[in-house]
Amino acid sequence: MVHRRNFLQIGSLSLGSLFTGKLFAGTAAVRKPIVISTWGEGIAANKAAWEVLRKGGRALDAVEAGVMVTESSQNCCVGLGANPDRDGYVTLDASIMDENGNCGSVAFLERIKHPISVARRVMEKTPHVMLVGSGAQQFAIAEGFPLEKPGLSDDAQRNYKNWLQKSEYKPIPNIENSGNPHAFAPRKLDNGDWNHDTIGMVALDAQGNLSGSCTTSGMAFKMRGRLGDSPIIGAGLFVDNEVGAATATGLGEEVIKICGTHLVVELMRQGLKPEEACKQAVERILRKNKYQKRDDLQVGFIAINKQGEYGGYCIQGGFNFAVCYADDHNVLIESKHFQ
Ligand code: SD4
């Protein structure tokens, strides 16, 4: 890690303010740059994003570089090392959004290591917002992304075998229609952690611009072809450079139903702080679910605003997010929660 003293020698852009993690706009203190991201993997991802931000780089570059770390990790449940769908294929979704309201996403993408970078190319090189399936893969290959070997990581292979052994779908064919729409929701593991498959990241750069990214393998053992919230702008990710940025994790179906991150940003526009905006979005989901206590329902939102204030909220304990705004400040925070 570069020490603060070295850091001050690096460049010319408001380094004094980068050093303290604070700037002043008018009379309000603004904390920038800052990057936050979901789950424990966010610490490593923030580190890469911070390398961009601390040099005065663009938030868009930071949020891409950050989540690429997670996509590359073989120990994580994001990216090609992740658990497959119920037919044994890893299918990936990702989205990215910049300070100008430009956005791009890919979904149901197979055998491409960095869906977030393909999403960025969709944003920057096509007239479209979203490409899916074989079309997204074809575009990625045309853009020079290597087509990786098919197959599962060792962990995923083992998990899939276990899952097949339990045959959770066999006793109840078409379990999605069995009255339990959350049959493949995130599960609480024996150690109390949630199994998760996603990283979402939002950042404010030294210029005061916001961007965000979100990348996932979706729910483990999902139906083939299922998309969650992560590739859907306004659901898994939303950025409005006038106001703030938010990203989501958890059961994507519930996030989509309330246009979750768009809601969080709109609540911040109305004056709510990031944590309160996330809380109200979570409340909206719970209200739609009639406040049923359900052990298998987890959704978490995180958000930052234009002032560099941040916050998160989730349904159940166990969700955390990583916050980085200085060389020596990259910490994991337990999200507040309802249940
Ligand atoms: C999805 N929201 O595909 C994602 C899953 C997730 O941690 O966040 N897992 O629904």
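The values are calculated or read from the model by the stated rules, or taken from the named source; none is laboratory data. Please read all numbers here as calculations on a predicted model, not as lab measurements. Note that we place each Cβ from the backbone using ideal geometry, even for glycine, and neighbour counts take in every protein chain shown. Accessible surface is based on the protein model in full, side chains and every heavy atom, while ligands, DNA and RNA are left aside. Shrake-Rupley method; radii C 1.70, N 1.55, O 1.52, S 1.80 Å.
Descriptive notes on the structure:
- In region 219-228, the residues that are near the ligand (Cβ under 7 Å from one of its atoms) and either under 14 Å from Val132 (Cα atoms) or among the aromatic types (Phe, Trp, Tyr) (or both): Gly228
- Meets criteria (within 15 Å of the chain's Cα centre (by Cα), on the phi > 0 side of the Ramachandran plot and free of Cβ contacts under 8 Å to residues at least 40 places away in the same chain) for Gly252: no
- Which listed residue, of Gly218, Gly234, is touching a strand residue (DSSP E or B) at 6+ places or on another chain (Cβ under 7 Å) and open to solvent by less than 30 Å² (accessible area, probe 1.4 Å): Gly218
- In the set Glu254, Glu168, only one residue is at pLDDT 55 or above, among the acidic types (Asp, Glu) and open to solvent by 50 Å² or more (accessible area, probe 1.4 Å); that residue is Glu168.
- Filter result for Glu275 (surrounded by fewer than 24 Cβ atoms within 10 Å (Cβ to Cβ) and closer than 20 Å to Glu99 by Cα): no
- Qualifying residue in region 222-230 (condition: buried (at least 24 other Cβ atoms within 10 Å of the Cβ), under 19 Å from Gly101 (Cα atoms) and under 15 Å from the mean Cα position of the chain (by Cα)): yes
- Being of a type in the set (A, V, I, L, M) and closer than 16 Å to Asp155 by Cα holds for only one residue in Val129, Val63, Val90, and it is Val90.
- Pairs where the first residue, in region 51-64, is open to solvent by 10 Å² or more (accessible area, probe 1.4 Å) and the second is in a helix (DSSP H, G or I) and not acidic (Asp, Glu), C-beta under 7 Å, 6+ apart: Val52/Ala62; Val52/Ala65; Lys55/Ile10; Asp61/Val52; Glu64/Ile116; Glu64/Ser117; Glu64/Arg120
- Residue tally, condition in a helix (DSSP H, G or I) and among the aromatic types (Phe, Trp, Tyr), over region 119-145: 1
- Members of region 93-115 found to be over 27 Å from Asn241 (Cα atoms) and open to solvent by less than 10 Å² (accessible area, probe 1.4 Å), listed by number: Leu109, Ile112
- When Ala277, Ala281, Ala303 are checked against the criterion of being among the small types (Gly, Ala, Ser) and within 16 Å of Ser213 (Cα to Cα), Ala303 stands alone in meeting it.
- Some residue of region 232-239 being modelled with pLDDT of 95 or more and under 30 Å from Lys161 (Cβ atoms): yes
Yes/no matrix, rows are residues, columns are (1) touching a Ser or Thr at 6+ places or on another chain (Cβ under 8 Å); (2) free of Cβ contacts under 8 Å to residues at least 40 places away in the same chain; (3) not aromatic (Phe, Trp, Tyr):
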| site | (1), (2), (3) |
| --- | --- |
| Phe238 | yes, no, no |
| Ile258 | no, yes, yes |
| Thr261 | yes, no, yes |
| Val264 | no, yes, yes |
| Lys273 | no, yes, yes |
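- Single residue of region 76-102 satisfying the filter (of a type in the set (A, V, I, L, M, F, W, C) and assigned to a loop (DSSP other than H, G, I, E, B)) that is farthest from the chain's Cα centre (by Cα): Val90
- Of all the criteria given as (1) outside any loop (DSSP other than H, G, I, E, B); (2) surrounded by fewer than 24 Cβ atoms within 10 Å (Cβ to Cβ); (3) away from the ligand (no atom under 13 Å from the Cβ), the one not satisfied by Gly208 is (1).
- Close pairs (7 angstrom Cβ cut-off, 6 or more residues apart or separate chains): touching a residue at least 24 places away in the same chain (Cβ under 8 Å) and under 15 Å from Gly40 (Cα atoms) in region 314-339, open to solvent by 50 Å² or more (accessible area, probe 1.4 Å) and of a type in the set (Ser, Thr, Tyr) anywhere: Val323/Tyr310
- Candidates Asp98, Asp87, Asp93, Asp61, filtered to the one that is among the charged types (D, E, K, R) and within 13 Å of the ligand (Cβ to nearest atom): Asp93
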